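Beneath this line is the structure, given in structure tokens, with notes to follow.
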Amino acid sequence: MTDKKKDDGAIGEIEMTLISSRHLNGLTLPEKIRLIIDGVKDNKIVILEQGLSPTEESQLIESTMVEIDPNAFSGLEIESYAPDSSWFHRILRRRPRAQMTIIGPAKKLRAIKKDRDMLDAVVLATGEEQ
């Protein structure tokens, strides 16, 4: 995400990377994680058409924790939109794979609200970081 202040004080640009499920399915887990972390480190909002599995999400969080640097990379914020669990998932006590995931820099992506059918994200301007 590239924030460029215009003369009127408005945010100029928010950069997003939309990654298709076809592209993600062609990557190994370490490649997926590297793609996501590199995008977030470049201050982009990364949107995955097909979300990560619980195992993949855990590995992403673990890898992120290793790379946190208070001066350069403060981590990421992640939220997924998951379908309703089917009876099959409930019997097996397994969470279905998310249908969509939004990932962004922790300093930029402050609030993500989720309800059954929507995800809302708030992206902060450069001057608003704390």
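The values are calculated or read from the model by the stated rules, or taken from the named source; none is laboratory data. Fair warning: this is a prediction, and the values are worked out from it, not measured in the lab. In this analysis, Cβ positions are derived from the backbone assuming ideal geometry, glycine residues included, and neighbour counts consider all displayed protein chains.
Some points to look at:
- Extreme residue, modelled with the lowest pLDDT, among residues of region 63-84 that are within 12 Å of Gln99 (Cα to Cα) and surrounded by 11 or more Cβ atoms within 10 Å (Cβ to Cβ): Pro83
- The listed residue being surrounded by fewer than 12 Cβ atoms within 10 Å (Cβ to Cβ) and touching a residue at least 24 places away in the same chain (Cβ under 8 Å), out of Leu18, Leu29, Leu52: Leu18
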